[in-house]
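So the structure is just underneath, and the comments pick up after that.
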Amino acid sequence: MTISKVTSGVWRAGTRYVNWYMIDGGKDGVTLVDAGLPAYIHQLDESLQQIGRTRNDVRALALTHGHIDHIGMAAALAEVGASIYLHPADSHLAAHPRSNATQRSLIHYAYYPAVIAFLGHVISHGALRPPPMPHATAITDGGVLEVPGHPQVTHVPGHTDGSCVFEFPEHEVAFVGDLLCTISPLTGRPANPQLQTRGSNKNSDQAMASLSRLHNVQTRLVLPGHGTPWPDGIEAAIASAMRIGCR
């Protein structure tokens, strides 16, 4: 388990493979962005304790998309009263993880040790037997979630149909899920410069086109679902992703 302070009121948690985040909204409570894999539930209490919080302080879970490595703790959080938020285009995917469809077969990556290690981690942390997905409140493009931190929603389909970016203006961060990542899915090492999403996109052309939807994001600190924070602003991230494309 790793936990690190990203900026005031924002912490990155999870493992070297998958991130989830905690946003402290003060008296309003805590919002989580993404929920890792199912077995990450064993790190939840300790992670919250390190920021002086408990499960009962979690008011909301905002899911950037419906893949199993992002929704894993959703059921446990719903049980303690947290509201779950997900774009409706990913509702079926979240409820039926094995329905995931990718444009490029994973066989294409079978010779890369980092990919095998990632898949092993996913399987060993409960991906094949996830708890049932709880009810999720639908989010819409351009909306603001009435949760601690009040994130602005931007729909960015491509990685999945319902992928979204959450910008928290009060904390000056933007969570991009798997639209952008800062770790190479092929080598497992930090990407230099930033990469577009891994090859597990449902539609890579659509993911690339969705980058144009991020120009209104004002915050400089970009937080991906996989890899370390990108401090150089969304415009630089877009430019790098456009140059490199999907891998």
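The values are calculated or read from the model by the stated rules, or taken from the named source; none is laboratory data. These numbers come from a predicted model, not from an experiment. Neighbour counts are summed over all protein chains in view; Cβ atoms, including those assigned to glycine, are modelled from backbone coordinates with ideal geometry.
For the reader, a short list of remarks on this structure follows.
- Every residue from region 47-70 that is of a type in the set (D, E, K, R), farther than 25 Å from SER91 by Cα and not in a helix (DSSP H, G or I): ARG53
- Screening THR102 with (1) assigned to a helix (DSSP H, G or I); (2) polar (S, T, N, Q); (3) over 17 Å from the mean Cα position of the chain (by Cα) gives one miss only, at (1).
- For HIS155, the criteria (1) at pLDDT 95 or above; (2) out of contact with any Asp or Glu (no Cβ under 6 Å at 6 or more places or on another chain) hold in every case but one, which is (2).
- Conditions (1) closer than 20 Å to TYR40 by Cα; (2) out of contact with any strand residue (DSSP E or B) (no Cβ under 6 Å at 6 or more places or on another chain); (3) in contact (Cβ under 8 Å) with a residue 24 or more places away in the chain; number of the one not met by ALA89: (1)
- Cβ pairs under 8 Å, 6+ apart, first in region 206-220 and in contact (Cβ under 8 Å) with a residue 60 or more places away in the chain, second assigned to a helix (DSSP H, G or I) and among the β-branched types (Val, Ile, Thr): LEU214/ILE234; LEU214/ILE238; VAL217/ILE234
Yes or no, residue by residue, for (1) crowded, with 19+ Cβ neighbours inside 10 Å; (2) at negative phi:
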{"position": "SER124", "(1), (2)": "no, yes"}
{"position": "LEU128", "(1), (2)": "no, yes"}
{"position": "GLY142", "(1), (2)": "no, no"}
{"position": "THR154", "(1), (2)": "yes, yes"}
{"position": "GLY158", "(1), (2)": "yes, no"}
{"position": "LEU179", "(1), (2)": "yes, yes"}
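- Residue satisfying condition, being over 11 Å from the mean Cα position of the chain (by Cα) and within 21 Å of GLY143 (Cβ to Cβ), within set ILE41, ILE3, ILE84, ILE51: ILE84
- Within the option set ILE116, ILE107, ILE71, ILE139, being in contact with a His (Cβ under 8 Å, 6 or more places away or on another chain) and either over 20 Å from TYR21 (Cβ atoms) or at pLDDT 95 or above (or both) holds for one residue only, ILE139.
- Selection from region 1-16 of residues that are small (Gly, Ala, Ser), in contact (Cβ under 8 Å) with a residue 40 or more places away in the chain and either within 25 Å of HIS67 (Cβ to Cβ) or surrounded by 18 or more Cβ atoms within 10 Å (Cβ to Cβ) (or both): GLY9
- Contact map, region 17-46: residues that are in a helix (DSSP H, G or I) and polar (S, T, N, Q) paired with residues that are modelled with pLDDT of 95 or more and surrounded by fewer than 24 Cβ atoms within 10 Å (Cβ to Cβ), Cβ distance under 9 Å, separation 6+ or inter-chain. Pairs shown: GLN43/GLY14; GLN43/THR15.
- Filtered by the rule that a residue be over 30 Å from LYS27 (Cβ atoms), touching a Gly at 6+ places or on another chain (Cβ under 8 Å) and not hydrophobic (A, V, I, L, M, F, W, C), region 66-91 gives GLY66, ASP69, PRO88, ASP90, SER91.
- Residue within region 80-88 that is of a type in the set (A, V, I, L, M), at pLDDT 95 or above and either surrounded by fewer than 16 Cβ atoms within 10 Å (Cβ to Cβ) or in contact with an Asp or Glu (Cβ under 8 Å, 6 or more places away or on another chain) (or both) present: yes
- Selection from region 47-63 of residues that are within 18 Å of GLN152 (Cβ to Cβ) and touching a residue at least 40 places away in the same chain (Cβ under 8 Å): ARG59, ALA60, ALA62, LEU63
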